[in-house]
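Participant: Handing you this structure, nothing more for now.
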């Protein structure tokens with residue numbers, strides 16, 4: 001009798017272990033980055049709401065998949081869930097890079113309106129590819145890091161410019177620079193070996209990569225606010241019981257609201273960290289701002305040409321809000 005009870009208890013424990021589900025999540029940024037912190041809080045919220053029946057194991061700093069691999073990795077089930085830069089998929093569909101069109105929506109208020117217009121369009125596209133869009137979070141506004149001070153756009157001529165997407169590569173070309181794609185973890189080495197000597201990125205990436213070790217100037221250009229999103233394999237999501245699905249969606253809604261709040265709150269402190277570590281932070285010279293806005297107009301026209309009626313409808317929806 002005692003042996004039977006022990007066996008029953010063991011089987012019950014085995015059944016409980018089998019009932020629990022573990023997802024692996026790839027996150028791009030290091031643990032100190034607020035996007036990763038938000039992802040970890042999302043995972044904690046899901047675990048709490050499901051009483052441990054769904055456990056999301058967050059692996060940070062691109063240790064599992066690099067930025068260009070994340071969306072396909074989630075789609076194919078290499079990982080169940082992942083965080084990626086939305087514009088990294090701009091080569092497959094221009095809708096994915098609308099947030100990276102220079103000066104289209106450079107403030108947090110404008111960027112949030114653009115995201116609300118873009119989100120349902122992206123969700124529909126991703127759904128057709130076997131992916132569920134869970135939540136989006138913005139980066140701080142993008143600025144320009146240089147080794148030497150610049151006063152006019154021609155100072156960028158021939159500069160080896162770090163790009164991280166098709167749109168930033170195009171921007172670098174129009175600025176007269178020579179764009180080179182470098183992923184975030186590789187930025188310090190790329191500067192130290194001379195692969196790049198300037199970049200367009202956020203104060204968050206500047207802090208994550210300790211930009212003060214290789215550049216001395218940061219121009220708070222606020223060119224655009226890129227968006228990252230968290231996506232999940234649709235088959236994995238659909239295999240969950242309904243109550244767990246709802247727990248994931250509820251935690252995602254909280255994570256999206258929290259991500260916008262964190263971005264707004266952290267941008268100033270991240271910029272201050274650059275200053276405290278010896279980087280000269282200043283606004284972009286007016287002449288360069290004017291030139292970049294002209295480039296923005298060119299890139300907006302190019303984006304509309306590529307995206308066609310769908311892109312125009314998206315911009316109309318954004319501007320109507």
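Participant: Can we say residue 312 is touching a helix residue (DSSP H, G or I) at 6+ places or on another chain (Cβ under 7 Å), without any contact (Cβ under 8 Å) to a residue 60 or more places away in the chain and either crowded, with 19+ Cβ neighbours inside 10 Å or not assigned by TED's automatic domain parsing to the domain that holds residue 102 (or both)?
Facilitator: yes
Participant: Of the residues that make up the range 147-164, is at least one under 16 Å from the mean Cα position of the chain (by Cα) and in the same structural domain as residue 296 (by TED's automatic domain parsing)?
Facilitator: Just the residues of the range 147-164 that are under 16 Å from the mean Cα position of the chain (by Cα), to begin with: 163-164.
Filter once more, keeping what is in the same structural domain as residue 296 (by TED's automatic domain parsing): 163-164.
Looking for residues that are under 16 Å from the mean Cα position of the chain (by Cα) and in the same structural domain as residue 296 (by TED's automatic domain parsing), one finds at least one in the range 147-164, hence yes.
Participant: I've got another one for you. Can you find, within the range 42-64, the residue that is surrounded by the fewest Cβ atoms within 10 Å (Cβ to Cβ) among those that are in contact with a helix residue (DSSP H, G or I) (Cβ under 7 Å, 6 or more places away or on another chain) and more than 19 Å from residue 240 (Cα to Cα)?
Facilitator: 61
Participant: Could you pull out the residue among 79, 86, 58 that is under 30 Å from residue 310 (Cα atoms) and touching a residue at least 24 places away in the same chain (Cβ under 8 Å)?
Facilitator: Working: 79 fails: under 30 Å from residue 310 (Cα atoms); 58 fails: under 30 Å from residue 310 (Cα atoms).
The conditions single out 86.
Participant: Restricting attention to the range 65-85, which residues are assigned to a loop (DSSP other than H, G, I, E, B) and surrounded by fewer than 18 Cβ atoms within 10 Å (Cβ to Cβ)?
Facilitator: If the condition is that a residue be assigned to a loop (DSSP other than H, G, I, E, B) and surrounded by fewer than 18 Cβ atoms within 10 Å (Cβ to Cβ), then 66, 77, 78 are the ones that fit.
Participant: Limited to the range 137-148, what total is found for residues that are assigned to a loop (DSSP other than H, G, I, E, B) and closer than 24 Å to residue 110 by Cα?
Facilitator: So the answer is 4.
Participant: Counting only residues that are part of a loop (DSSP other than H, G, I, E, B) and touching a helix residue (DSSP H, G or I) at 6+ places or on another chain (Cβ under 9 Å), how many does the range 149-197 have?
Facilitator: Count: 15.
The values are calculated or read from the model by the stated rules, or taken from the named source; none is laboratory data. As the structure is a computational prediction, the values presented were derived from the model and not from experiment. Glycine also receives a Cβ, built like all others from the backbone with ideal geometry; neighbour counts cover every protein chain displayed.
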